[in-house]
1. Within the P(r) computed for region 37-155, what percentage of the Cα pairs occupies the region above 22 Å?
2. Tell me, F142, F82 in order of fewest to most beta-carbon neighbours within 10 Å?
3. Counting other beta carbons within 10 Å of each Cβ, put F99, F148, F129 in order, fewest first.
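All of the numbers you see were taken from the coordinates with simple rules; none came from a lab. Keep in mind the model is a prediction, meaning the values are calculated, not measured. Cβ placement follows ideal geometry from the backbone for every residue including glycine, while neighbour counts extend to all protein chains displayed.
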Amino acid sequence: MCAPTEFVGSGGPLGPDPEVPSPRLYEIPEDPSQARAQSVLVLEDDPEFCAMLRMILEQQDYRVTVVANGAQGIQQILIRDFDAILCDIMMPNFPGDMFYLAVQRAKPKLCERFIFMTGHQHDPKIQEFLKRVPCRVLFKPFSMAALFDALESVTGRSH
């Protein structure tokens, strides 16, 4: 007859309990908006200003897509949605107001994610447009605090 079977780790004749690996711990962010990098579409025709915005936003862990006009912006929003859209109003060929109207037709839910940028706040045409649309506006030059406040109001992500 066979002796009764003893299980490994029982402290029996096979020796002391083997060391059991501890379970892996995963940190879950308190704020769900921090769970993934948020995406920002930047429409700006000034290459130096674009480079600065890209650098600052990427340092804050945003995924940044930069385009020079509204036509390129439309191509991007047709590919994917963005968490925020930073849009210069005065751009050649396809300005920001026309881009907004195109987005309003193509993907209206993205309209609430717009943050307009302009250095032409006294232009009557721009003033009239801004009165008609419920968007945030940054008047150039603006501070980084103002930029991040505007992004927080759109994305819910605090800095």
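1. Result: 24 percent of Cα pairs exceed 22 Å.
2. Placing the least packed residue first, the sequence is F142, F82.
3. F148, F129, F99
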